[in-house]
Every structure is written in C-alpha cells, then in structure tokens.
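Everything below concerns the one structure shown next.
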Amino acid sequence: MQTVESVTMGHPDKICDQISDAILDEYLRRDPDSRVAVETFGGHGLLFIGGEVTSQASFDVAQLALSVYRDIGYRDELEPFVNIEAQAPEIGRGVDRGGAGDQGIMYGYATVETLEFLPKIIVVAKSITKRLADLRLNHQDFYWLGPDGKSQVTMQGGEIKKIVVSTQHIEEVGIEEVRSRILEHVVKPLAGSIEGADIFINPAGSFVQAGFSADTGLTGRKIMVDTYGGILPSGGGAFSGKDATKVDRSAAYMARFAAKNIVAAGHAKNCLVSVAYAIGQPEPVMLEARDAKGRDLTALVREKFDFRPQAIIERLDLRRPIFRDTAAHGHFGREGLPWEEIINL
C-alpha cells in the first residue's frame, strides 16, 4: 500500500516557493548569469525574504513578493522584510570553474505506467489539486473555493483505497455542500472507479481560515510534493529559489530528463537515476541508473547524458526565467518544461 499527497498553490509552503521562484525569475530576466539562493518564510501578517544573490540586476523584491501573494488569490495584508546578501566568494570560486554549487544527492525517475511517465498514484494526487485550482480560477460556480488545499491518495494493487481532499472555502457555503460539490466535480471525474474506497472531504469540518492567516509557510518544505510523493527517493535539497548552478535543482532535473528518455526510448519500463556531487567539482562523484528489477543502465546514461553542472545548464537552457510555474503542482510530469522533453537517443 502506498500514499501520496499534493498541495494547492495557496498552501502556505507553496506560497513561499512561488515567491522565491518569482524572485529568481526576475533576476534571470534582468541578468541571466545571476546566482540566486532565496528563501521565504511567511505567516500571520509577516513575510521574511532572505538569502544570497550575486547579480547585475536590481529591483523591488518586496513589491514582487506581495504581487505574487495577490496573484495566488489572497487579499490580507503582509508586512515584508528583505535581507539579501552576496554569495560567499568561497562558493563562487567553485562555481566559476564549472563546479557544483554544493554537495548533495539527487534522483530522477520515470515509468511507463502513465502518459506523464510517473506512477499513477502521483498523477491522481496532483490532478486533484490542479482541478481545485482550475475550478477556483476559471469557473464562476466555484467562486466559494479558496486558494489553500491538499489532496492525499492511497492505493494498493493498482486500486484506489482512500482519498483525502481538504479545501478552503468561504464561510457562507456549508460543509455538506462543499463535500458534495468536491465529490461530484473533483473526486469522481479524476479518480475513476472509487467503489469500495473511503473518501474524506474536509474531514476536520469547515476550512475557512487558511493560508498565512492560519499557518506559516517556508520555502522548500514540500520537497516530496515537488518530486515523487515519498514513494521514491528524494534528494536532501529543495528546488525553489535556487538558480541552476545549485545541483539540488539542476541535477534533479537532469536525472528526470535522463530517466524519462531511457524509458521513452524503450530501454526500460522504469528507471531510477541517482547522482551525487562534491562542492566545487564539475564531475559527479557518483552516477548510477537502474530499473526496478535491478538491471544496470548506468553505462547508457553516461553515454547519452552529461551531468556536469554547466553541461546541464546548457542542455536544458536553465538560465531562462521559467521557474515560478514549477513551484505549484510539482516539477515533473508537466508539458513544456525542458527536462520533460523526449529526445531521440
């Protein structure tokens, strides 16, 4: 039995991820060579932004952060505090010579199980939170939905056993109406057969107070939601707010790119790529690829994919401002992202 969760763009942690990545994008838009590591922490009327940036660009970071908050759908007031310093020169030296911006372990996975090359359980969990966002933003009948929400799916033997959906709503809409509408317009259309499954919709009852007014959020705290839901290995480093010299992000993208293309080309039905780095060094200290049966695919990955940080940046064109959109609904299994492209091997 396996369980995977997803969260909406209005979840407090995801608010912080989107703010951090919007800041990254703005630096890259103004200076593609910017080096950025920005963290956001928010809650209860306050918003803190800190980190390290080396860039020729300059802009009003606080104003951008507040505009992202409004774009997500919140209207309460926040007081921002910004403390951004230059990247430490000792780290910069290693990056200057093409080395990794830090040590760490990253993973990438793909499977033939779905069109997204992800396990079905991940696809279902993410589709629920995407549907909540779509209904809220694009369908007037769902004006009562708020930005905050979560989904959780439990499967066994390929069958859904339990689904949990929690969604913010306005006070004027009662809990029974919320449960009925979400069941009919979200759960049933997306989950397929739910006969015999336990369905929990807002199991704690009403969910009116949400976002930063109810909870705190922090960049990088939803790394399992961002990657493979906890059913597969995930590296220790988060993604959002980091430019591509940080291999926490770029090498995880490259590992997914390699795994997906190995599977898409028919070399395996599933593939897990593992890679690790030493700070300041260009070559990985470890690179391995295997399928679920333990078959070694490492030689093929080494032949077809270059995992040096600068090579990753060039191949996936990662100096562009494309990252804010990745900060909600997961980084993998989505069209239009360079690490999701299928190439000819």
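The values are calculated or read from the model by the stated rules, or taken from the named source; none is laboratory data. Please read all numbers here as calculations on a predicted model, not as lab measurements. As a convention, Cβ positions derive from the backbone with ideal geometry for all residues, glycine included, and neighbour counts pool all protein chains shown.
Taking the stretch 113-134 as the search range and keeping residues that are in contact with a helix residue (DSSP H, G or I) (Cβ under 6 Å, 6 or more places away or on another chain) and part of a loop (DSSP other than H, G, I, E, B), which one is surrounded by the most Cβ atoms within 10 Å (Cβ to Cβ)?
Among residues in the stretch 113-134 that are in contact with a helix residue (DSSP H, G or I) (Cβ under 6 Å, 6 or more places away or on another chain) and part of a loop (DSSP other than H, G, I, E, B), the one surrounded by the most Cβ atoms within 10 Å (Cβ to Cβ) is Phe117.
Please determine whether any residue of the stretch 257-267 is modelled with pLDDT of 95 or more, in contact with a His (Cβ under 8 Å, 6 or more places away or on another chain) and among the aromatic types (Phe, Trp, Tyr).
no
Search the stretch 265-289 for residues being in contact with an Asp or Glu (Cβ under 6 Å, 6 or more places away or on another chain) and in a strand (DSSP E or B), and hand back the single one that is surrounded by the most Cβ atoms within 10 Å (Cβ to Cβ).
So the first thing to find is which residues in the stretch 265-289 are in contact with an Asp or Glu (Cβ under 6 Å, 6 or more places away or on another chain), and the list is 268, 270-271, 274, 279.
The next check asks that each one be in a strand (DSSP E or B); those that pass are 270-271, 274, 279.
Details: Asn270: 19, Cys271: 29, Ser274: 20, Ile279: 15.
This residue is Cys271.
Would you check which residues across the stretch 22-72 are acidic (Asp, Glu) and either out of contact with any Pro (no Cβ under 9 Å at 6 or more places or on another chain) or not in a helix (DSSP H, G or I) (or both) and list them? Give the steps one after another, and end with the answer.
Restricting attention to the stretch 22-72, the residues satisfying the condition of being acidic (Asp, Glu) are 25-26, 31, 33, 39, 52, 60, 71.
Matches in the stretch 22-72: Asp31, Asp33, Glu39, Glu52, Asp60, Asp71.
For the stretch 29-45, which positions are without any contact (Cβ under 8 Å) to a residue 60 or more places away in the chain and out of contact with any Ser or Thr (no Cβ under 9 Å at 6 or more places or on another chain)?
Initial filter on the stretch 29-45 (without any contact (Cβ under 8 Å) to a residue 60 or more places away in the chain): 30-31.
Those that are without any contact (Cβ under 8 Å) to a residue 60 or more places away in the chain and out of contact with any Ser or Thr (no Cβ under 9 Å at 6 or more places or on another chain): none in the stretch 29-45.
Could you say whether any residue in the stretch 116-126 is farther than 28 Å from His267 by Cβ and of a type outside the set (Ser, Thr, Tyr)? I'd like the intermediate steps shown before the answer.
Going residue by residue through the stretch 116-126, those that are farther than 28 Å from His267 by Cβ are none.
No: zero hits.
Being crowded, with 21+ Cβ neighbours inside 10 Å, outside any strand (DSSP E or B) and touching a Gly at 6+ places or on another chain (Cβ under 6 Å), is that true of even one residue in the stretch 144-154? Let's see the steps before the verdict.
First, the residues of the stretch 144-154 that are crowded, with 21+ Cβ neighbours inside 10 Å: 145, 147-149, 151, 153.
Subsequent filtering for residues that are outside any strand (DSSP E or B) retains none.
Scanning the stretch 144-154 turns up no residue that is crowded, with 21+ Cβ neighbours inside 10 Å, outside any strand (DSSP E or B) and touching a Gly at 6+ places or on another chain (Cβ under 6 Å).
Against the definition (over 17 Å from the mean Cα position of the chain (by Cα), outside the structural domain of Pro233 (by TED's automatic domain parsing) and over 27 Å from Phe41 (Cα atoms)), how does Gln156 come out, yes or no?
Working: over 17 Å from the mean Cα position of the chain (by Cα): yes; outside the structural domain of Pro233 (by TED's automatic domain parsing): yes; over 27 Å from Phe41 (Cα atoms): yes.
When the stated conditions are applied, Gln156 passes them.
Identify, please: which residue in the stretch 232-264 is of a type in the set (Gly, Ala, Ser) and part of a loop (DSSP other than H, G, I, E, B) and is, among those, farthest from His331 (Cα to Cα)? I'd like the intermediate steps shown before the answer.
Residues of the stretch 232-264 of a type in the set (Gly, Ala, Ser): 234-238, 240-241, 244, 250-252, 255, 258-259, 264.
Imposing the further condition that a residue be part of a loop (DSSP other than H, G, I, E, B) reduces the set to 234-238, 240-241, 244.
Details: Ser234: 13, Gly235: 14, Gly236: 16, Gly237: 14, Ala238: 11, Ser240: 10, Gly241: 13, Ala244: 14 Å.
The selected residue is Gly236.
Search the stretch 234-251 for residues that are under 21 Å from Gly98 (Cβ atoms) and pair each with any residue that is among the β-branched types (Val, Ile, Thr) when their beta-carbon atoms are under 6 Å apart and the residues are at least 6 apart or on different chains.
Gly235/Ile105; Asp243/Val36; Ala244/Ile313; Thr245/Val95; Ser250/Ile312; Ala251/Val275
Give the residue that is modelled with the lowest pLDDT, with candidates limited to residues of the stretch 180-214 that are exposed (fewer than 13 other Cβ atoms within 10 Å of the Cβ) and polar (S, T, N, Q).
Ser193
Would you confirm whether or not the stretch 168-177 contains a residue that is in contact with a strand residue (DSSP E or B) (Cβ under 6 Å, 6 or more places away or on another chain) and of a type in the set (Val, Ile, Thr)?
no
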